[in-house]
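The values are calculated or read from the model by the stated rules, or taken from the named source; none is laboratory data. Given the structure is predicted, the values throughout are model-derived calculations rather than measurements. All Cβ positions, glycine included, derive from the backbone under ideal geometry; neighbour counts span all protein chains shown.
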Amino acid sequence: MAGTRTADRFPMTRIGLTEQIDFFLQVLASEKGYSAHTIRAYGHDLAEFAGYAARAAGLSEEEEKRSLAIDDVDNLTVRGYLGLLHRKNEKVTIARKLSVLRSFFRHLVRHRLITEDPTAAILTPKHSRRMPFYLSVDDMFRLLDQTADDTVLGLRNRALFETLYGSGIRVSELTGLNVFDVDFSSGCLRVSGKGNRERIVPVGEKALNRIQTYRDRLFAYTGIGLAVDGPLFLNKNKGRLSSRSVGRILEALIRKCSLAVPISPHGIRHSFATHMLDAGADLRTVQKLLGHKSLSTTQKYTHVSIDRLMAAYDSAHPRR
């Protein structure tokens, strides 16, 4: 009937915000293949936003779970939330939280649960990109030499950081390696990266030798060999070594070396990329090795090469 109102033909239903957040997180896991760590981070940011939206609507925490709907959120809600963040967070954190909101509301638009994205007209705050910490080649070698300990754990630690530096993989990828992911004949690792994307990366003879030495000693003491698949790097209880444990081991090594740079396991990855580019590797190759989806992510590692290029220019060009 021509005179029928839209509201009469399509009865308004209130779709819960928290329910849609839960569904969105499930989609990230099942369809996007996001890691559990990333999903937890998204969940934390979205729960924080939902809490703000509920308070802005005058609802209690319990009422929020029952009553807050996606239609209660508009551009003003998002702007108010960002205003609150500006009082307590750095721009890089605000940009990350806004990116999470954008992904969520685009998901709602894509599934026709809302007609307009309340984040569409909001600009991402500009922030200066922090240069990643990295070690010089000499400091990197000094760090690796400090792990020269003949015990099972000492040999494991040397293999850990030789592998991390020799391949440039993420610490989560390092601890996720299994025995059968190492191909000693080709000198490569099979790595499961972000979004469960699998890639093959070269690792180098030194790292492979360290892995072999560590696993030979482990077999001699425990009977756990390379013939059966399982975690490549084990903790003292013979379980899989965690990323947090790798960080603690590295902190102890840094203190032992008296290094001035506050390096993390990810900093070793930064060092790998920087040293590769300084030695002449092209950006596309380093992108493939690091497993970056976008070349722009890899470009942040060019800062050192450019700095050295400018220094060489300033010292050598007659018309500088």
Every listed condition ((1) farther than 19 Å from Ser294 by Cα; (2) in a helix (DSSP H, G or I)) holds for Gly195 save (1)
Among the residues of region 273-295, the number that are within 17 Å of Gly193 (Cα to Cα) and part of a helix (DSSP H, G or I) is 8
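Return the total of residues in region 203-224 being within 27 Å of Thr38 (Cα to Cα) and without any contact (Cβ under 8 Å) to a residue 40 or more places away in the chain. First the steps, then the outcome.
We begin by selecting, within region 203-224, every residue within 27 Å of Thr38 (Cα to Cα); these are 203.
Okay, now just the ones that are also without any contact (Cβ under 8 Å) to a residue 40 or more places away in the chain, so none.
Result for region 203-224: 0.
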Within region 68-118, which residues are within 24 Å of the chain's Cα centre (by Cα) and among the hydroxyl-bearing types (Ser, Thr, Tyr)?
-> Thr93, Ser99, Ser103
Pull up region 100-144, narrow it to residues that are at pLDDT 85 or above, within 25 Å of Gly267 (Cβ to Cβ) and of a type in the set (D, E, K, R), then point me to the one that is surrounded by the most Cβ atoms within 10 Å (Cβ to Cβ).
-> Asp139
When you look at Thr213, is it under 21 Å from Gly291 (Cα atoms), of a type in the set (Val, Ile, Thr) and either in a strand (DSSP E or B) or assigned by TED's automatic domain parsing to the domain that holds Arg269 (or both), yes or no?
-> no
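Looking at Arg142, Arg106, Arg158, which is the one that is under 30 Å from Val73 (Cα atoms), of a type outside the set (Phe, Trp, Tyr) and part of a helix (DSSP H, G or I)? Reasoning before the result, please.
Numbers: Arg142 fails: under 30 Å from Val73 (Cα atoms); Arg158 fails: under 30 Å from Val73 (Cα atoms).
When all the criteria are applied, what remains is Arg106.
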Could you figure out which of (1) over 20 Å from the mean Cα position of the chain (by Cα); (2) surrounded by fewer than 16 Cβ atoms within 10 Å (Cβ to Cβ); (3) among the hydrophobic types (A, V, I, L, M, F, W, C); (4) under 27 Å from Ala29 (Cβ atoms) isn't true of Phe184?
-> (4)
Which residues, counting only those in region 165-181, are assigned to a helix (DSSP H, G or I) and within 15 Å of the chain's Cα centre (by Cα)?
-> Val171, Ser172, Glu173, Leu174, Thr175
